[in-house]
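Student: Just dropping this structure here.
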Ligand SMILES: [Zn+2]
């Protein structure tokens, strides 16, 4: 039951996002075919594309050789929508080399949006958000089939673990949880004293181990301790 308010919040947030993107896609001028981010990138790249040197390799297959701004030569295939720089292949919208090649296309310049994946088209963007997300009505208004109502959902069987029950959750990735000073200092103090006593114990143990097998000496702290112990005996 505690999950229901959480689901309500999630649904409300998704409904808000859908409405926001629906309005954004509706405000795009009709002539603009690409989503704003890609449209802006294309405009910026077109300026650089005019500066590049393009050689036509195959006018039927729309293959070109383009010298980039970095002086390297790139192979562009407009039919396959690929470029040897791989930006076109991965981003699914033309790199600067592909735009430069498209400018000298003898078959007529292909509209830039045709070279982009449909997922960057405004048309598809609007289609993704056109449906309304409705909030779930109150539980009293739910229509639950009788066969579902008869079911009694029990929690899954599990084996109770031994030891103290963990009450705090593990921090997530990138989450820094500050410790209280009192608890932290207490833990540190206890840890230090325990650690030092352990170290002494382990040192003596590893000392024995090294005298028996010699493997302990390869480990840093224990090994040196055992070495000193052994050297004292010598
Ligand atoms: Zn390229």
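Student: Look at residue 51 and say whether it is within 13 Å of the ligand (Cβ to nearest atom) and in a loop (DSSP other than H, G, I, E, B). Before you say what the answer is, go through the steps one by one.
Tutor: On the way: within 13 Å of the ligand (Cβ to nearest atom): no; in a loop (DSSP other than H, G, I, E, B): yes.
Against the criterion (within 13 Å of the ligand (Cβ to nearest atom) and in a loop (DSSP other than H, G, I, E, B)), residue 51 does not qualify.
Student: Within the range 101-133, how many residues turn out to be part of a helix (DSSP H, G or I) and either within 16 Å of the ligand (Cβ to nearest atom) or touching a strand residue (DSSP E or B) at 6+ places or on another chain (Cβ under 6 Å) (or both)? Quick ask: steps written out before the conclusion?
Tutor: As a first pass, look at the range 101-133 and keep what is part of a helix (DSSP H, G or I): 101-103, 112-115, 118-120, 122-128.
From what's left, either within 16 Å of the ligand (Cβ to nearest atom) or touching a strand residue (DSSP E or B) at 6+ places or on another chain (Cβ under 6 Å) (or both): 101-103, 112-113, 115, 120.
Here the count works out to 7.
Student: Here's another thing I want to ask about it. Kindly indicate the residue of the range 54-95 that is near the ligand (Cβ under 9 Å from one of its atoms) and assigned to a loop (DSSP other than H, G, I, E, B) and also farthest from residue 117 (Cα to Cα) among those meeting that condition.
Tutor: Here the answer is 68.
Student: Could we say that residue 98 is under 30 Å from residue 127 (Cα atoms), surrounded by 19 or more Cβ atoms within 10 Å (Cβ to Cβ) and either without any contact (Cβ under 8 Å) to a residue 12 or more places away in the chain or within 13 Å of the ligand (Cβ to nearest atom) (or both) here? If you could, list the steps in order and put the result at the bottom.
Tutor: Numbers: under 30 Å from residue 127 (Cα atoms): yes; surrounded by 19 or more Cβ atoms within 10 Å (Cβ to Cβ): yes; either without any contact (Cβ under 8 Å) to a residue 12 or more places away in the chain or within 13 Å of the ligand (Cβ to nearest atom) (or both): yes.
Yes, satisfied.
Student: Also: Going by what's in this entry, would residue 44 be described as farther than 30 Å from residue 132 by Cβ, in a strand (DSSP E or B) and either in the same structural domain as residue 116 (by TED's automatic domain parsing) or more than 14 Å from the ligand (Cβ to nearest atom) (or both)? Steps first, please.
Tutor: Details: farther than 30 Å from residue 132 by Cβ: yes; in a strand (DSSP E or B): no; either in the same structural domain as residue 116 (by TED's automatic domain parsing) or more than 14 Å from the ligand (Cβ to nearest atom) (or both): yes.
Against the criterion (farther than 30 Å from residue 132 by Cβ, in a strand (DSSP E or B) and either in the same structural domain as residue 116 (by TED's automatic domain parsing) or more than 14 Å from the ligand (Cβ to nearest atom) (or both)), residue 44 does not qualify.
The values are calculated or read from the model by the stated rules, or taken from the named source; none is laboratory data. What you see is a predicted model; the values in this text were computed from it and never measured. We place every Cβ from the backbone using ideal geometry, glycine too, and count neighbours over all the protein chains shown.
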